[in-house]
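Chemist: Dropping the structure in here first, questions after.
Nothing in this text is a laboratory measurement; each read-out follows from the coordinates by a stated rule. Computed from a prediction, not measured in an experiment: that's the story for all the values here. FYI the Cβ positions are ideal-geometry reconstructions off the backbone, even for glycines, and counts take in every protein chain you see.
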Amino acid sequence: MRLTILGGVDKDGCADHIETLHIDSGEIVGIVGPTGSGKSTLISDLEQFAQRDTESRRQVLIDGQPPDAEVRADPRRKPVAQLSQNMHFLADMTVSDFLAMHAKSRGREENLIAKVIDLANTLTGEPIHPEHHLTALSGGQSRALMTADIAVISDSPIVLIDEIENAGIKKQEALKLLAGEGKIVVVVTHDPVLALMTSRRVVMKKGNMVRVIQTSEEEQKVCNSLSRVDRWLINLREAIRRGETVSAAEAAL
Amino acid sequence: MKLVVIAGTPGSGKTSVLMHAARCLEGSGSRPAVVKVDCLWTEDDKRIGRLGIPVHVALSRDMCPDHFSIYNVDEMLEWAKKQDADVLLNETAGLCLRCAPYPDHCLAVCVIDVTTGPNTPLKVGPLLTTADVVVTTKCDLVSQAEREVFRERVLEANPHCRIVEANGLTGKGGSDLAEIIRALPPAAENMMLRHNPPLAVCTLCSGELRVSKRYHRGVLRHMDGFMEYSGE
Ligand SMILES: Nc1nc2c(ncn2[C@@H]2O[C@H](COP(=O)(O)OP(=O)(O)OP(=O)(O)O)[C@@H](O)[C@H]2O)c(=O)[nH]1
Ligand SMILES: [Mg+2]
Ligand SMILES: [Zn+2]
């Protein structure tokens, strides 16, 4: 699948500097920029498959074509899944009952439940049990479960992520998991590890797609070092959670 | 004059969605006007008034707001005509889940908040089951999975509806709703309700305050489901 964004206009009515942006299956693309620079608007254009009918006047194509009006109007047929910071599980049921319900609504087999939970548990330090109540999950557990659920049950070829940095999950693993399934992943982020894991990042300014930065080899090296820091922090956090003490040797990076 | 009835439980996002749709309608040359029906109090007219389109509030006070809307459909249409509008958007109070204030020749829109949980679509009754369009709001607050389950539940309750996923904060869904309204034929002269209102007119409706059956007349249903007529 190839997703194409054709530029529109920014908040002052000036044309996007980036006229055309192609994203192919398996690619992770970032969106960066200060608050109010139009990151969420761009995500929302993608989610709606904007056809020059949103405020930004951008157009989004799938494999070079505008998607059918029916695909746009029928959320069941829209190939998009979304994950964002302010999403929560609100249904008062157990993890396994809920996943069974979701699998059923998607016409999938119920034996996927164990797979989702196992996958989620590779993303969080606090294990999730099938009998846990959804509403009692921590932020990290929720985000891990949502990610695994998107990867396994929703299985949409396009995944849009709006800032998950503070969510307390192994975010790199989460991102790799989603992109690894051959999905197109677009992620709004200020987190250096996530931003540098992408192959390219779109820079937003006052509603304008001003430029695209290709992640350089040097940046990839920075990303690898940062990943080590990140894992180190996660291990320290886990040790403290387990009620252990932390030694100076461990704390030396 | 086209008639759009926008129903849904209090706080579900009716006004937010309506305002985004009205803005899109105006953008394409339509002339929308809004009547908000509520029971006791509302500030929706102030919010909608900011759009610069005609808006009128009608308070039903001691009458069931849905019954009130139904009685006053012709007056509302008359008022909208005087405002030189070509679409009347009627926002209901949305309290009674047993009433569905949709006439047959209108666009019946049910606004429903996904944060109320996956069983809600099965609970809201004719408000949802007789709607043409079901607008789901606050999708930004729940997981993809919950959104998908919710959508399936809506379709279970009303297999023929169109679902519009909306966001009252960003305006997503407003243009989809506006497009559906654009394709709508005008309201007819003699319209019928799609769904019958609750059983009879009871003594409670006419002001009897005393509790328990012996003070009430009409068709009464007992806890065990038994129905009787009490009165002359
Ligand atoms: N997060 C979020 N909040 C929303 C959304 N839609 C509406 N809201 C908020 O929900 C609250 C109620 O929205 P209204 O549009 O006033 O709801 P209403 O159904 O018209 O309410 P009444 O007329 O009082 O029954 C407001 O604070 C809105 O900002 C949405 O999609 N997401
Ligand atoms: Mg309102
Ligand atoms: Zn009623």
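Chemist: Obtain the radius of gyration and the Kirkwood radius of the stretch B:80-226 from its C-alpha atoms and give Rg over Rh.
Modeler: Expressed as Rg/Rh, it is 1.04.
Chemist: Looking at chain B as a GNM with Cα springs under 10 Å, which of B:Val219, B:Val37, B:Val55 has the largest mean-square fluctuation?
Modeler: It is B:Val219.
Chemist: Just how far, in whole angstrom, is the stretch A:179-194 from the stretch A:18-91 if you go by their alpha carbon centroids?
Modeler: 14
Chemist: Something else now. For the stretch A:97-253, what's the radius of gyration and Dmax over Cα atoms, in angstrom?
Modeler: 17.6, 52
Chemist: Looking at the stretch B:113-179 from every direction and averaging, what is the projected area of its Cα convex hull in nm²?
Modeler: For the Cα atoms of the stretch B:113-179, the hull's average projected area reads 4.2 nm².
Chemist: Something else now. Note down the Stokes-Einstein diffusion coefficient of the protein assembly as shown in µm²/s, whole number, using a Kirkwood radius over alpha carbon pairs, 4 °C, and 1.567 mPa s. Don't skip to the end; give the middle numbers.
Modeler: Working: Rh = 25.0 Å.
Using the Kirkwood radius from Cα pairs, D works out to 52 µm²/s.
Chemist: Per residue of A:46-58, what is the mean number of Cβ atoms on other protein chains within 10 angstrom of that residue's Cβ?
Modeler: 2
Chemist: What number do you get for the stretch A:72-165 when its Cα radius of gyration is normalised by 2.2 N^0.38 Å, N = residues? It would help to have the intermediate numbers written out before the result.
Modeler: Working: Rg = 12.8 Å, N = 94, 2.2 N^0.38 = 12.4 Å.
Cα-based Rg divided by the globular estimate yields 1.03.
Chemist: Then there is this: Could you sort out which of A:Lys78/B:Lys82; A:Lys115/A:Lys171; B:Lys36/B:Lys172; A:Lys170/A:Lys221; A:Lys39/B:Lys123 sit more than 30 Å apart by Cα distance in this structure?
Modeler: Details: A:Lys78/B:Lys82 42 Å; A:Lys115/A:Lys171 19 Å; B:Lys36/B:Lys172 22 Å; A:Lys170/A:Lys221 19 Å; A:Lys39/B:Lys123 37 Å.
Check vs 30 Å cut-off fails for A:Lys78/B:Lys82; A:Lys39/B:Lys123.
Chemist: Given H placed on each backbone N at 1.01 Å, which residues far from B:Ala187 in sequence or on other chains put an amide H within less than 5 Å of it?
Modeler: Correct list: B:Lys2, B:Leu3.
Chemist: How big is the stretch A:115-188 in terms of Cα radius of gyration and Dmax, in angstroms?
Modeler: 11.5, 33
Chemist: Amide H to amide H under 5 Å from B:His56: which residues, 5+ apart in sequence or cross-chain, H placed 1.01 Å off N in plane?
Modeler: Under 5 Å from the amide H of B:His56 lie the amide H atoms of B:Val34, B:Val35, B:Lys36, each far enough along the sequence or on another chain.
Chemist: Here is a further query. Just need log10 I(q)/I(0) for the stretch B:91-141 at q = 0.17, 0.21, 0.23, 0.27 Å⁻¹, Debye formula, equal scatterers on the alpha-carbon atoms, no solvent, rounded to two decimals.
Modeler: Reported log10 I(q)/I(0), two decimals: -0.50, -0.75, -0.89, -1.16.
Chemist: Follow-up. In Å, the Kirkwood hydrodynamic radius of the stretch B:2-182 over pairs of distinct alpha carbons?
Modeler: Final number for the Kirkwood radius of the stretch B:2-182 is 16.1 Å.
Chemist: Per Stokes-Einstein, at 4 °C and 1.567 mPa s, what whole-number D in µm² s⁻¹ belongs to the stretch B:50-130, with the Kirkwood radius over Cα pairs as the hydrodynamic radius?
Modeler: After rounding, the answer is 90 µm²/s.
Chemist: I've got another one for you. Please list, in order along the stretch A:41-57, the HN-Hα scalar couplings obtained from phi with the Karplus expression 6.51 cos²θ - 1.76 cosθ + 1.60 (θ = phi - 60°), rounded to whole Hz, x for Gly and Pro.
Modeler: Listing the rounded values in order: 4, 5, 4, 5, 4, 5, 4, 8, 6, 3, 10, 6, 10, 10, 4, 7, 6 Hz.
Chemist: Can you compute the radius of gyration and Dmax for the stretch A:7-110, using only the Cα atoms, both in Å?
Modeler: 17.1, 50
Chemist: If you don't mind, another one. Between the stretch A:104-128 and the stretch B:67-144, what is the separation of their alpha carbon centroids in Å?
Modeler: Comparing the Cα centres of the stretch A:104-128 and the stretch B:67-144, I get a distance of 37 Å.
Chemist: Average partner chain C-beta neighbours within 10 Å, per residue of A:71-84?
Modeler: 3
Chemist: Right, here's the next one. What share of the DSSP beta bridges in the protein assembly as shown is antiparallel, in percent to the nearest 5?
Modeler: Looking only at bridges with both residues in the protein assembly as shown, the antiparallel portion is about 35 percent.
Chemist: Shielding of B:110-116 by partners, i.e. mean partner chain Cβ atoms within 10 Å per residue?
Modeler: Across B:110-116, the average partner-chain Cβ count within 10 Å equals 1.
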